[in-house]
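The values are calculated or read from the model by the stated rules, or taken from the named source; none is laboratory data. The structure presented is a predicted model; accordingly, all values stated were derived computationally and were not measured. Positions of Cβ are generated from backbone atoms using ideal geometry, with glycine treated the same way; all protein chains shown enter the neighbour counts.
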Amino acid sequence: MKKIIKWIVIVVVALFVIGLIFGSDDTETTTTTANTSSEAVAEAPTETAMPVTAQEIFEAYDNNEMGADQQYKGKALLVSGTVSGISSDFMDDAQVQLATSNEFMDVMASGDEAFNSAAATLSKGQQITMLCQGGGEVIGSPMLSDCVIQ
């Protein structure tokens, strides 16, 4: 019975992700497609990335999701914050949670295989800085993608 529930959850999450990817309008897809490779974010000089804290990103999305999307989504961000958790998603890729003022809503960061390896060395409470691409908000949590831990 647990296996059936696990597969149902995996299918629902997969459909949700597919909906997020294919449900956006063409303008947004064109904008984000140009910036989706981890090499593009990793090779971007840190001086062109917008320095921001995880708390600032959270507050912006909490106050106005549309405004925060315009400010952060698809842009190179140099994000600093405190690690509140390290977990793996349904595909066993690392998810690093950065603490915010709301203990139930973190800023979620993900990346490539190098990010997964680096995430395995982190600890809760550790201060980190990452070069990421803003990924919008999913179910109340701001998302960061293509992250490289500095």
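Annotations
- The combined condition, being in the same structural domain as Gln133 (by TED's automatic domain parsing), at pLDDT below 90 and farther than 16 Å from Thr100 by Cα, is not fulfilled by Pro51.
- Ser141 within 13 Å of the chain's Cα centre (by Cα) and under 25 Å from Val9 (Cα atoms): yes
- Count - residues of the stretch 96-115 that are in contact with an Asp or Glu (Cβ under 7 Å, 6 or more places away or on another chain), part of a strand (DSSP E or B) and touching a residue at least 24 places away in the same chain (Cβ under 8 Å): 3
- Only residues that are loosely packed, with under 15 Cβ neighbours inside 10 Å and without any contact (Cβ under 8 Å) to a residue 24 or more places away in the chain were counted across the stretch 116-130, and they come to 2.
- Answer from Lys124, Lys75 - the residue that is basic (Lys, Arg) and either under 22 Å from Phe16 (Cβ atoms) or over 13 Å from the mean Cα position of the chain (by Cα) (or both): Lys124
- Evaluation of Gly67 against (1) among the small types (Gly, Ala, Ser); (2) at pLDDT below 90; (3) assigned to a helix (DSSP H, G or I) (one fails), failing number: (2)
- Search result, residues across the stretch 70-109 that are hydroxyl-bearing (Ser, Thr, Tyr), closer than 27 Å to Thr48 by Cβ and surrounded by fewer than 20 Cβ atoms within 10 Å (Cβ to Cβ): Ser80, Thr82
- Check on Asp89, farther than 12 Å from Gly136 by Cα, in contact with a helix residue (DSSP H, G or I) (Cβ under 7 Å, 6 or more places away or on another chain) and not assigned by TED's automatic domain parsing to the domain that holds Leu15: no
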